[in-house]
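S.K.: Would you mind keeping the following structure in view while I ask a few things?
The values are calculated or read from the model by the stated rules, or taken from the named source; none is laboratory data. Here the structure is a predicted model, which means the values were calculated and not measured. No Cβ is skipped: glycine too gets one built from the backbone with ideal geometry, and neighbour counts run over all protein chains shown.
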Amino acid sequence: MPTLRRYFTTFEASQFLAVSLPTVVNWIKANRLKAHRTPGGHRRIARDELASFIRRHAMPMPSELSEEGSAARVLVVHGKSAKREAVLSRLRRAGYVCAGAADGFSAGLSVGHFRPDLLLIDLSTPGLDGASVSGALRALDPPRALPILAMSDGRDEKALKHALAQGFDDLLTRPFVLEVVKRKIEQALRARRAA
């Protein structure tokens with residue numbers, strides 16, 4: 001089986017994105033698309049970063065990127081380390097690229113560095129509700145619009161109404177049923193792309 005390429009040139013990225021080379025360079029300079037420089041000074045864009053950019057902008061995924069780079073990036077925010085790691089482990093086994101954060105400050109840093117496609121926030125995390133997180137994402141330069149799902153220990157109509165009233169897109173409940181979690185994540189990603 002051939003090894004998948006991990007990095008692409010700006011010219012290759014321009015062809016995948018169907019834009020000019022200067023446009024890709026401008027996006028990199030504006031920090032809309034992350035890239036690094038080789039020792040020779042050439043820019044390279046990681047496969048996952050390019051695929052994430054394509055998903056965020058609801059562009060068609062080129063076949064060269066779809067095999068490995070199509071996994072959505074999920075940021076899990078939970079104040080309790082053991083519970084956060086348990087969620088991360090399950091999501092990774094389901095094929096998602098994941099990162100974790102313990103509080104709002106580290107979540108904000110992770111949004112900038114990890115560049116998730118979706119946020120998954122435990123309802124017990126102090127000071128983090130869907131409305132405040134959405135507002136903070138809109139205040140970024142450039143603004144980000146990400147689906148934000150809540151996690152809770154029990155699902156009833158009251159918990160769901162509470163999560164929706166706080167500005168979350170949906171509610172996931174523990175114990176997680178992996179197929180339900182995957183379905184809700186994919187629904188939230190599709191709904192946000194269509195918006």
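S.K.: Pull out all pairs, ordered by first then second residue, where Cβ-Cβ is under 8 Å, the residues are six or more apart or on different chains, the first lies in region 134-145 and is under 19 Å from Ile121 (Cα atoms), and the second is modelled with pLDDT under 70 and assigned to a helix (DSSP H, G or I).
M.R.: Close Cβ pairs (under 8 Å, with a partner that is modelled with pLDDT under 70 and assigned to a helix (DSSP H, G or I)) amount to Arg144/Arg138; Ala145/Arg138.
S.K.: When you go through Phe8, Phe16 one by one, which is the residue that is in contact with a Pro (Cβ under 6 Å, 6 or more places away or on another chain), at pLDDT 85 or above and not aliphatic (A, V, I, L, M)?
M.R.: Phe16
S.K.: Give the residues of region 73-96 that are surrounded by fewer than 20 Cβ atoms within 10 Å (Cβ to Cβ), of a type in the set (A, V, I, L, M) and touching a strand residue (DSSP E or B) at 6+ places or on another chain (Cβ under 6 Å), sorted by residue number.
M.R.: Within region 73-96, just Leu88 meets the criteria.
S.K.: Can you run down the residue pairs with Cβ atoms below 7 Å, 6 or more apart or on separate chains, where the first is in region 177-190 and assigned by TED's automatic domain parsing to the domain that holds Ala86 and the partner is assigned to a helix (DSSP H, G or I)?
M.R.: What qualifies is Leu178/Arg90.
S.K.: Now a separate question. Of all residues in region 1-44 being under 19 Å from Arg144 (Cβ atoms) and not in a helix (DSSP H, G or I), which is farthest from the chain's Cα centre (by Cα)?
M.R.: First pass over region 1-44, keeping only residues under 19 Å from Arg144 (Cβ atoms): 17, 26-35.
Keeping just the survivors that are not in a helix (DSSP H, G or I) gives 30-35.
Working: Ala30: 19, Asn31: 16, Arg32: 14, Leu33: 14, Lys34: 14, Ala35: 17 Å.
For region 1-44, the residue satisfying everything is Ala30.
S.K.: While we're on this one: Could you look through region 45-96, keep only residues that are of a type in the set (Gly, Ala, Ser) and outside any helix (DSSP H, G or I), and pick out the one that is modelled with the highest pLDDT?
M.R.: The qualifying residue modelled with the highest pLDDT is Ala46.
S.K.: Counting just the residues of region 107-137 that are in a helix (DSSP H, G or I) and touching a strand residue (DSSP E or B) at 6+ places or on another chain (Cβ under 8 Å), which one comes out nearest to Val181 (Cα to Cα)?
M.R.: Per the criteria, the residue is Gly130.
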